[in-house]
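Chemist: Can you keep this structure in mind? I'll have questions shortly.
Every read-out reported here was derived from the displayed coordinates using simple, explicitly stated rules and does not represent laboratory data. Keep in mind it's a predicted model, so treat the numbers as computed, not measured. In this analysis, Cβ positions are derived from the backbone assuming ideal geometry, glycine residues included, and neighbour counts consider all displayed protein chains.
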């Protein structure tokens, strides 16, 4: 399985609650609507906890600022992603990116593809 991990930082104009609400109530249905054309097998949102909880764990490890959430999407293979060049797939990808610009600070939100290596 191939997984896209997207560490999300909200736009500065949004509170964490506004960001997470939009992400769950607006963006998730959009991803669901395009899942077949984009060949997405699974989509999970990890919503970060409270600022107080994050501050405590960051302080205990001298860690950087936390993300507002993490999106994870799975595909069967890299080929499912690389060979998916239909007009419908391009339009779906453009629609998702357009929506992401409404709530994600893309310049501060790293993402990468990786191959899952299940340990247990």
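Chemist: Going through segment 73-120 one residue at a time, which ones are closer than 22 Å to residue 51 by Cα and surrounded by 13 or more Cβ atoms within 10 Å (Cβ to Cβ)?
Modeler: Residues satisfying the conditions are 103, 104, 105, 106, 108, 109.
Yes/no per residue for (1) in contact (Cβ under 8 Å) with a residue 12 or more places away in the chain; (2) in contact with a strand residue (DSSP E or B) (Cβ under 6 Å, 6 or more places away or on another chain); (3) on the phi < 0 side of the Ramachandran plot; (4) not in a helix (DSSP H, G or I):
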residue: 14; (1), (2), (3), (4): yes, no, yes, yes
residue: 26; (1), (2), (3), (4): yes, no, yes, no
residue: 30; (1), (2), (3), (4): yes, no, yes, no
residue: 44; (1), (2), (3), (4): yes, yes, yes, yes
residue: 59; (1), (2), (3), (4): no, no, yes, no
residue: 64; (1), (2), (3), (4): no, no, yes, yes
residue: 72; (1), (2), (3), (4): yes, yes, yes, yes
residue: 91; (1), (2), (3), (4): no, no, yes, no
residue: 96; (1), (2), (3), (4): yes, no, yes, no
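Chemist: Further, regarding this structure: Listed residues 42, 101; which is more than 28 Å from residue 117 (Cβ to Cβ) and within 18 Å of the chain's Cα centre (by Cα)?
Modeler: 101
Chemist: Within segment 46-57, which residues are part of a loop (DSSP other than H, G, I, E, B) and either in contact (Cβ under 8 Å) with a residue 24 or more places away in the chain or under 18 Å from residue 3 (Cα atoms) (or both)?
Modeler: 48
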